[in-house]
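The values are calculated or read from the model by the stated rules, or taken from the named source; none is laboratory data. The model shown is predicted, which means the values in this text are computed figures rather than measured ones. Please note: Cβ atoms are built from the backbone with ideal geometry, for glycine as well, and neighbour counts cover all protein chains shown.
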Amino acid sequence: MKKGWLILGGAIVVGGAYAYYYYNEQIGALKNLDFKVIGYKIITANLDKASIQLTIRLTNRSVFEVKVEDFFVDVYLDEKKISDLQPVAPFLIPSKDLNGKPSYSDANIIVEFSPRQLGLDAIGFISGYLNKKDMNIRVVGSAKLKSAFVTLPVPVEYNTTLKEILSPT
C-alpha cells in the first residue's frame, strides 16, 4: 500500500513540475511577441499635420490565444519624438497552430505629427525628405496582453528604417 502512495505522490510531483515548466515556457513565449511594421499609408498631409497609418504585425508563438488590450507607444524619427500612438481598439492574436507554426494578427495604428517638429512643412516632408534620406524609426512603449487566466504588461521596442518600411516585401 505504501508503495502505491509513493508512486502516486511521485507522479503528482513530476506532473506538477512539468505543468509549471510548460506554463512558464508559454508565458515566456507570450512576453516575446514579435512586433513588425509591414506597411504604411499616408492619410493626410498639410502644412501643419501629417497622419500616417502604420500596419503592424504581432506574432504569437504561444499555445495560448492572446488579446492585446492596451497598446501605448511613442514614435521616434531619427531619435526625435514625433508622436504618441493614437488609441488602438483591442484585438486578438490566435495561438500557434497544431503544427507549431506561429500565428499573427495585423493591426492599423495612426501616427499623427507636425512636420514642423522636423523643421519641414508637410509637403516638404512627404515629397522631398522621404525620398532623399533614409531615417531611423523607433517605436517604444508597452502593451497589455490578456490570455485565458493571466494579464501581462509587455515592453514594446521596434527599430527599423524608412527604407525597410517602404521596400516591397
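Output the residue which, of all residues in the stretch 42-84 that are of a type in the set (Val, Ile, Thr), in contact with a helix residue (DSSP H, G or I) (Cβ under 7 Å, 6 or more places away or on another chain) and within 30 Å of Val150 (Cβ to Cβ), is surrounded by the fewest Cβ atoms within 10 Å (Cβ to Cβ).
Ranking the candidates gives Val63 first.
In the stretch 84-106, how many residues are of a type in the set (A, V, I, L, M, F, W, C) and not in a strand (DSSP E or B)?
Adding up the residues that qualify gives 3.
What pairs come out if I take residues in the stretch 46-69 that are within 14 Å of Val88 (Cβ to Cβ) and pair them with residues that are of a type in the set (Asp, Glu) and not in a loop (DSSP other than H, G, I, E, B) whose C-beta lies under 6 Å away, six or more apart or interchain?
Sorted first by the residue in the stretch 46-69, then by its partner, the pairs are Thr55/Asp106; Arg57/Asp106.
Which one of these is within 30 Å of Arg116 (Cα to Cα), in a strand (DSSP E or B) and charged (D, E, K, R): Lys81, Lys67?
Lys81
Could you tell me whether any residue of the stretch 131-146 is at pLDDT below 85 and in a helix (DSSP H, G or I)?
yes
State which residue pairs qualify: first residue surrounded by 10 or more Cβ atoms within 10 Å (Cβ to Cβ) and inside the stretch 1-28, second residue at pLDDT 75 or above in any location, beta carbons under 7 Å apart, and separation of 6 or more residues or different chains.
Gln26/Ser62; Gln26/Val63; Gln26/Phe64; Ile27/Val150
Farther than 23 Å from Thr161 by Cβ and either exposed (fewer than 15 other Cβ atoms within 10 Å of the Cβ) or more than 18 Å from the chain's Cα centre (by Cα) (or both): is that true of Pro102 in this structure?
On the way: farther than 23 Å from Thr161 by Cβ: yes; either exposed (fewer than 15 other Cβ atoms within 10 Å of the Cβ) or more than 18 Å from the chain's Cα centre (by Cα) (or both): no.
So Pro102 does not fit the description; no.
Taking Ala17 as the residue in question, decide whether it is within 23 Å of the chain's Cα centre (by Cα) and either farther than 19 Å from Val139 by Cα or assigned to a loop (DSSP other than H, G, I, E, B) (or both).
The answer is no for Ala17.
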